[in-house]
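*Asks:* Mind looking over this structure? Questions follow.
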Amino acid sequence: MILAFVGQDYKYQVESLVKMFFPVERFSILYGEIPQDENAVITVERRRKSGYRLLAVVRTDGKVTVKRRILPFTAELSERRLALCAALYKALCEGLGTELPWGMLTGVRPVKQVHALRGEGKNDEEIRRFFSEQFFVSQTKSDLCLMTADVQEGLEMGIRPQVASLYVSIPFCPTRCAYCSFVSQAVEKKGTAALIGEYVDKLCGELQATAEVVKQCGLQLETVYFGGGTPTSLSAGQLSILLDCIERSFDLSHLKEYTVEAGRADTITADKLEVLHDHGVGRISINPQSFNDRVLEQVGRRHTARQVVDAYHLARSVGFESINMDLIAGLPGDTLESFERTVEQAVVLAPENITVHALTIKRSSALHEQGRAGGGDAPAMVAYAGQRLLREGYRPYYLYRQKNMVDNLENVGYAKPGHESPYNIYIMEENQTILACGAGGSTKLVAPGRIERIFNYKYPYEYCNGFEEILRRKQEVVRFYGQQEASEHRPAQL
């Protein structure tokens, strides 16, 4: 498909919008020309005597849909861009015979927008109207945002400058799932075992350096979160080394959460669970994604639904009282009936958290490379899961969206009251500093009115080879908090 831009260059916004309708389509970009007789999306902005003329044209399979807008000369760039995107959204909906539940909203964090609007004094009805009129968001999704914001506000998790979380990246998996694009390395690859050993050594060094920075900046650690990859791809001994290092290096007396994403059932063993539990880890994830063995096989997860159930009961027997399960709606080969059975199986097991993801067709995933869109009944799957979990007493406590999600849906974390993951709220609502260690880690430094990021090298071998640079970047954290302290003590200007 061709994306043609005439009189403007709103490429990022237009491409993001079109991808919500065509998640696996490959685009060619054309400037200043209008293509003939091809599938194309054409956006035009022209300055005329009467004002700005905006035109959106969608041409697919011989059908042409056109929408126009006229704005006065006083219209700012942001206003013109929004109006042209609105015209394009309406043309896409009419031309393709569909509407999207989130409308033309492309932001990752819609609940953050709710908090901002409430901060301006807007009530819930005004917020619904804002989402509907500005972005064509459905009432169902607006209500979901409002409900999630209510839960978060009840937990009182505003910005506190001297509090932080620790994220630990374990970028290894037994195998790579077809839908995954995370920077992770399959354990079965030749040479990975030696790399893991070196990685664990280097990671301990970074954790120790981070602990020194935490002390130097006077920070208080509130959550620790191991993600990946699959952290339980490591051996029990390697997990113990890392957990021992954290215990020795950090003050953990103020922790609200200590989570390890155990993830895949084929990596979960009694000795690993005992190591986690003995070191104070209170929350783990055991992620079936589906309880349909045929679907699991199709997406490359080399475990069965039975193994997930067994791993869950094993974790309970070890003593874990807070367990999350991830489910994915829209996996290739799945059906609404099959997904409903997956939800029911999860409800029977009754973990404290159930996170419902909509399939995302990520650019470097096998599904994207194969041009497989997934989806199908994904909207009905997500709706069923939400209604069923609400009836069961779960509440939505964090929500986020991603590019290339099937049917422009969302990911929602549901929790039984009192079992919400503070870390998940902090990472999504950007209201706490998160210090990231390990390959692919992204440190996010948060203060009132300021957010800065520091990135680690993506791949494990890059991380190990560039370790001295990783340590050097820790001083950026010290600089950030030094500037913050200076600004707080700077006298007010008259």
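Here, each number is a calculation from the coordinates, and none is a lab measurement. None of these values were measured; they are calculated from a predicted model. Every residue, glycine among them, receives a Cβ derived from its backbone with ideal geometry; neighbour counts consider all protein chains shown.
*Asks:* Using the beta-carbon distance between residue 31 and residue 335 and R0 = 35 Å, what value does 1/(1 + (r/R0)^6) give for FRET efficiency, to the nearest 0.05?
*Replies:* 0.20
*Asks:* While we're here: Would you mind checking region 40-60 for residues with the amide N under 17 Å from a putative spin-label position 7 Å along Cα→C-beta of residue 9?
*Replies:* Inside the label zone: 43-46.
*Asks:* Average projected area of the Cα convex hull of the chain, in nm²?
*Replies:* If you wrap the Cα atoms of the chain in a convex hull and average its projections, you get 26.1 nm².
*Asks:* Does anyone have the angle between helix 378-391 and the longest principal axis of the chain? Alpha-carbon axes, 0 to 90°, nearest 10?
*Replies:* On a 0 to 90 degree scale, this one is about 50.
*Asks:* Quick check: pseudo-label points 7 Å beyond the Cα along Cα→Cβ at residue 485 and residue 212, how many nm apart are they?
*Replies:* Placing both labels 7 Å beyond Cα along the Cβ direction yields 1.7 nm.
*Asks:* Another question about this same structure. Student exercise: in region 155-480, how many lysine pairs 8 or more apart or on different chains have Cα atoms under 16 Å apart?
*Replies:* 6
*Asks:* Related question: Using the per-residue mean of other Cβ atoms lying within 10 Å as a proxy for protection, in what order, highest first, do the peptides 114-120, 162-168 fall?
*Replies:* 162-168, 114-120
*Asks:* On to the next question. Need the full-extension length gain, residue 297 to residue 133, defined as separation in residues times 0.36 nm minus the C-alpha distance. One decimal, nm.
*Replies:* 54.7 nm
*Asks:* So, in nm, how far is label residue 402 from label residue 66 when the simple model puts each one 7 Å beyond its Cα toward the Cβ?
*Replies:* Result for the modelled spin labels: 4.0 nm.
*Asks:* So, one more: Any idea which of 134, 146, 116 is furthest toward the positive side of the dipole for region 110-153, if Lys and Arg beta-carbons carry +1 and Asp and Glu beta-carbons -1?
*Replies:* 134
*Asks:* Could you tell me which of 381, 58, 446 has its Cα farthest along the dipole of the chain towards the positive end, charges placed at Cβ (Lys, Arg +1; Asp, Glu -1), taken about the Cα centre?
*Replies:* Final value for the positive-end residue is 58.
*Asks:* What is the dipole size for region 110-153, taken about its Cα centre, with +1 at each Lys and Arg Cβ and -1 at each Asp and Glu Cβ, in debye to the nearest 20?
*Replies:* 140
*Asks:* Here is a follow-up. Please give the charge dipole size of the chain, origin at the Cα centre, charges +1 on K and R Cβ atoms and -1 on D and E Cβ atoms. Round to the nearest 20 debye.
*Replies:* 1700
*Asks:* Excluding residues fewer than 8 places away in the same chain, name every one of the aspartates and glutamates whose C-alpha is closer than 12 Å to that of residue 141.
*Replies:* 410
*Asks:* Return the calculated 222 nm mean residue ellipticity for the chain, to the nearest 500 deg cm²/dmol, obtained by summing -39500 (n - 2.57) across DSSP H runs with n ≥ 4 and dividing by the residue count.
*Replies:* -13000 deg cm²/dmol
*Asks:* Hey, another quick one. Subtract the Cα-Cα distance of residue 156 and residue 321 from 0.36 nm times their separation in residues, and report this length gain in nm to one decimal.
*Replies:* 57.1 nm
*Asks:* Using r as the Cβ-Cβ distance of residue 473 and residue 193, and R0 as 30 Å, what FRET efficiency do you calculate, to the nearest 0.05?
*Replies:* Working from the Cβ atoms, E equals 0.60.
*Asks:* Quick check: the angle from helix 124-135's long axis to the longest principal axis of the chain, C-alpha only, nearest 10 degrees?
*Replies:* 60
*Asks:* Any idea what angle helix 336-349 forms with the longest principal axis of the chain, computed on alpha-carbon atoms, 0 to 90 degrees, nearest 10?
*Replies:* 30
*Asks:* Would you count, across region 46-137, every pair of lysines whose alpha carbons are under 23 angstrom apart, provided the pair is eight or more residues apart or spans two chains?
*Replies:* 4
*Asks:* Something else about it: Per residue of region 457-472, in order, report the coupling 6.51 cos²θ - 1.76 cosθ + 1.60 (Karplus, θ = phi - 60°) as ³J(HN,Hα) in whole Hz, putting x for Gly and Pro.
*Replies:* Ordered by residue, 3J(HN,Hα) equals 4, 6, 8, x, 5, 5, 4, 5, 6, x, 5, 4, 5, 4, 5, 4 Hz.
*Asks:* Right, next: Along the charge dipole of region 155-480, pointing to its positive end and built from +1/-1 on Cβ of Lys, Arg, Asp and Glu, which listed residue (335, 282, 253) has its Cα farthest out?
*Replies:* 335
*Asks:* Charges only on Cβ, +1 for Lys and Arg, -1 for Asp and Glu: so what's the dipole of region 1-62 about the Cα centre, in debye to the nearest 20?
*Replies:* So the dipole magnitude of region 1-62 works out to roughly 420 debye.
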